[in-house]
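A short write-up of the structure that comes next.
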Amino acid sequence: MDIEKLKRALQDPPDLPEYTSHEAVEGNAKTITEWLSNAVRDCTTTTQYKAYTYWWTDELEAERQNLKRLNRKIEKCRNERSTELLKQERKELKKSYRMKITSAKEKAWKSFIDKDRPWGKPYKIMVKARSQTSAPDRVKKADGTLTSSKKETEEVILAAKFPRAPGNEIEDPTIEEEEEEEEERINYVTKEELKEIIRRLNNKSSPGIDGINHKTLKTVNIMHPDPLCRLFNECIRWKVFPEIWKTGKLILAQKPTGETTNPDTYRPLTMLPTLGKVLERCMSVRINASIEGKISKKQYGFQKGRSAEDCVLAATQAMELMRTSSPVTAVVSLGIKGAFDHMLWSCIVKNMKRYRVPKYLVDMVKSYFRGRYVVLGQSKILIERGCPQGSVV
């Protein structure tokens, strides 16, 4: 992307009408999104890079040239006895050549993974190698038969990964709304907070369906911080999560094991619009602040300053402590299949109210849930439950 050309394209922000209604928020969000999308499209050029064989060596190149010379000798030779001897020599040279290629690949790969972090470039390459933006050719349907078209394959995968919800209700109708005793105080986004959130965005992350990458967002926030900050604050004030930020592009990451025709072999990753992820981050910060100290200390997931490594360490220490007083220690592990995909939205809203999350944030989350779609190839599905794997909230 040509950054200087991008800056020129973003020089004049669009004129936005006043935020006087939900529709005005939706319209201005669409206008800004299209403005940034067009700027990215006009300033992006596709470059073809020459493939680089990382394991190739001078020794292999010499062997390759020797093999080519030997092939030419065999073609020109007219003596049967000499031809047979040359073919035998070629057979041995080919065997040696293949063995050296295998050895060079193994040596280069070991060197590559040893010099980087465990979750660094080698891990990302392996994940990317198993990821695809389109569905596999064929998968098994519920009755065990295979799909007959690409369109049907996409629909089967989407139905498996994004199941329908019973009743399709965002809020439990049996729960009565509590009356607000006083006008609630809304925590708006400051320019400094927005600047820090955008600064932390990873430039290498893939953009959503609108094509807006993180570099573009960082550039426009430096040039024109007011429109973005105003837009996010009006979304919060009107309790609206814009429709244009609710459609995600599905990426399928193939698991190391399992049949390629089984939909469960693929892990769904949703590429969401960048502006929507920033608004999600603003919501997440406020939700976490409102439930701080109310969550069990034994929960490690989605907790600031805690990770899976901390959970493993705590479990290991507990096991070691138990083994000092008992010769036998048992561990019970519970795995919930499709936990992200099957969570009922009414349960999420119910628990937010239980933890006394401010009403404006509860309403924002309700708006976030309504009318969400995921696209895979030429197919599209309405999400009725769960949380997209790739979202911030």
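Assorted remarks:
- Per the Kirkwood formula applied to alpha carbons, region 56-115 shows a radius of gyration over Rh ratio, Rg over Rh, of 1.18.
- Rg(Cα)/(2.2 N^0.38 Å) for region 325-369, N = residue count: 1.88
- Surrounding net charge for Ile212, when Lys and Arg each add one and Asp and Glu each subtract one, Cβ distance under 12 Å: +2
- Rough spin-label spacing in nm, given labels placed 7 Å along Cα→Cβ, for Gln254 and Leu70: 3.4 nm
- In this structure region 194-282 gives 41 Å² per residue of accessible area when probed at 1.4 Å with all protein chains present.
- Electrostatic dipole magnitude of the chain [Cβ: Lys, Arg +1; Asp, Glu -1; Cα centre; debye, to 20]: 3000 debye
- Normalised by 2.2 N^0.38 Å, where N counts its residues, the alpha-carbon radius of gyration of the chain equals 1.32.
- Degrees separating the helix 214-223 axis from the principal Cα axis of the chain, which is the longest one: 50 degrees
- Structure remark: mean-square fluctuation, Gaussian network model of the chain, C-alpha springs under 10 Å; the largest value among Lys30, Lys246, Lys277 belongs to Lys30.
- Helix axis angle, 225-238 relative to the chain longest principal axis, alpha carbon, degrees: 60 degrees
- Cα-based equivalent ellipsoid, region 226-296: semi-axes from gyration tensor eigenvalues, Å: 33, 19, 9
- Region 10-86-region 306-340 distance, computed between alpha-carbon centres (Å): 45 Å
- Directionally averaged shadow of region 178-261, computed from the convex hull of its alpha-carbon atoms, nm²: 9.9 nm²
- Helix 150-161 axis versus longest C-alpha principal axis of the chain: approximately 50°, rounded to the nearest ten.
The values are calculated or read from the model by the stated rules, or taken from the named source; none is laboratory data. Nothing here was measured: the structure is a model prediction, and the numbers come from that model. For neighbour counting, all protein chains shown are included, and Cβ atoms are generated from backbone atoms with ideal geometry for every residue, glycine included. The accessibility values were calculated without ligands, DNA or RNA, using every heavy atom of the protein model including side chains. Shrake-Rupley method; radii C 1.70, N 1.55, O 1.52, S 1.80 Å.
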